[in-house]
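One structure below.
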Amino acid sequence: MYRFDISNYQWTINISKISADFVIQKATEGTDFVDGTLTNHANQVLKAGKLLGLYAFSDGKDYKSEVDLFIKAVKPYFGKATFWLDFEGRALKQGGQYARQWLEYFEKKTGHKIGIYMMLSAENSLNWSGVANRYPLWIAQYDNYYATGYSGRSLYGHLNWWKNWDIFQFSATGSLAGYSDNLDLDHARLSHADWRKMAGMKSDDDGEGDDWEMAWHPRMQYDTKGHVKVNIKSGADIYSDINFTHKIAKAKYGKEFRTAKTEKGAYYVKYSGDKYAWISGEDVIVKTNPLAYNENCHDIE
């Protein structure tokens, strides 16, 4: 799944116009700041039918006060969203033990599971005993600051404490159709079913969801970017342009396409004979070919 995260810096955003499986919105910072766009953005996400996450940015001063403020702010979204602790900046000086206290206190007061966000450098350098592999990991690492859309790439380096990451924030300069400024972009190993379970939501009523997605393993040629498969029951619209203004066809639920290129969260697919067109990443599940995005891989000469 692919998504972006937002805060009051993106106060003009229209979430319904941007491709994403899920969106994570800032809720609070420290002990006294509630993000002014929380309610508007969170409700936009839910209305658009996307999965919602909410995070608290810690300042490392008083974990109980931080948690109490966060709970009060996000209370309307219990059972509708996943929750995350953003642990960076000044909070890092308190070390992994402070984060552990924060997470345990939230879990004790609410009964809800919570995840933690940090840069790879923090995961590598701090002591995460009692936290690693107990709480979902949202890891961040940027390879450059060039504009990019949704794409698959591996983490450069390795995790010292967690076995695997659950969400990978790979860019702070994301460029997606429907929004003119930069966005933080992420790739999640969490499936829709995983997300709903973490949020305490009911499962999809179609009886498929996670099993349908996980069972799909398309055979890829070495030079393909990847494959997409329509996961919208009513089908997915196909457009002649990347801005989704000229609709030319409709693909049925379960239809699979090979992708020729990706840009701004859209996929350029071969949809009929030799004809190519654009399909929104919001309407498909995606399987990327990591070799196609690895600059160290080349054809045999």
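The values are calculated or read from the model by the stated rules, or taken from the named source; none is laboratory data. Computed from a predicted structure; not experimentally measured. Note that each Cβ is placed from the backbone with ideal geometry, even for glycine, and that neighbours are counted across all protein chains shown. The accessibility values were calculated without ligands, DNA or RNA, using every heavy atom of the protein model including side chains. Shrake-Rupley method; radii C 1.70, N 1.55, O 1.52, S 1.80 Å.
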Filter segment 116-147 for residues that are buried (at least 21 other Cβ atoms within 10 Å of the Cβ) and more than 18 Å from Gln94 (Cβ to Cβ); the one that is modelled with the lowest pLDDT is Ala140
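Let's see how each residue does on (1) in contact (Cβ under 8 Å) with a residue 60 or more places away in the chain; (2) within 24 Å of His192 (Cβ to Cβ); (3) basic (Lys, Arg); (4) in a loop (DSSP other than H, G, I, E, B):
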{"position": "Ile232", "(1), (2), (3), (4)": "no, yes, no, yes"}
{"position": "Arg258", "(1), (2), (3), (4)": "no, yes, yes, no"}
{"position": "Thr262", "(1), (2), (3), (4)": "yes, yes, no, no"}
{"position": "Trp278", "(1), (2), (3), (4)": "no, yes, no, no"}
Of (1) open to solvent by 50 Å² or more (accessible area, probe 1.4 Å); (2) modelled with pLDDT under 80, Glu256 satisfies every one except (2)
Problem - Filter result for Ser171 (more than 21 Å from Ser191 (Cβ to Cβ) and at pLDDT 90 or above) - result: no
By residue number, the members of segment 100-115 that are surrounded by 20 or more Cβ atoms within 10 Å (Cβ to Cβ) and of a type in the set (Val, Ile, Thr) are Ile114
Scanning segment 20-36 for residues that are modelled with pLDDT under 90 and either open to solvent by 10 Å² or more (accessible area, probe 1.4 Å) or part of a helix (DSSP H, G or I) (or both) gives Asp21
Per the filter on segment 80-99, residues over 24 Å from Asp186 (Cα atoms) and open to solvent by 50 Å² or more (accessible area, probe 1.4 Å) are Lys93, Gln94, Gln97
Filter segment 259-290 for residues that are open to solvent by 40 Å² or more (accessible area, probe 1.4 Å) and charged (D, E, K, R); the one that is modelled with the highest pLDDT is Lys275
In segment 99-134, residues that are touching a residue at least 40 places away in the same chain (Cβ under 8 Å) and of a type in the set (Ser, Thr, Tyr) total 2
When segment 221-239 is checked residue by residue, the ones that are open to solvent by 60 Å² or more (accessible area, probe 1.4 Å) and either farther than 15 Å from Gly265 by Cα or at pLDDT 75 or above (or both) are Gln221, Tyr222, Asp223, Lys233, Ser234
- Answer yes or no: is there a residue in segment 69-79 that is within 21 Å of Gly130 (Cα to Cα) and crowded, with 20+ Cβ neighbours inside 10 Å. no
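Residue-by-condition table, conditions (1) modelled with pLDDT of 75 or more; (2) open to solvent by 30 Å² or more (accessible area, probe 1.4 Å); (3) in contact with a Pro (Cβ under 9 Å, 6 or more places away or on another chain); (4) among the aliphatic types (A, V, I, L, M):
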| position | (1), (2), (3), (4) |
| --- | --- |
| Leu185 | yes, no, no, yes |
| Lys197 | yes, yes, no, no |
| Lys202 | no, yes, no, no |
| Asp206 | no, yes, no, no |
| Pro218 | no, no, no, no |
Checked pairs for segment 67-80, first modelled with pLDDT of 95 or more, second open to solvent by 30 Å² or more (accessible area, probe 1.4 Å) and of a type in the set (A, V, I, L, M), C-beta under 6 Å and 6 or more apart or across chains, list as Ala73/Val34
Taking segment 234-256 and keeping only residues that are under 10 Å from Ser280 (Cα atoms) and not in a strand (DSSP E or B), one is left with Ile242, Asn243, Phe244
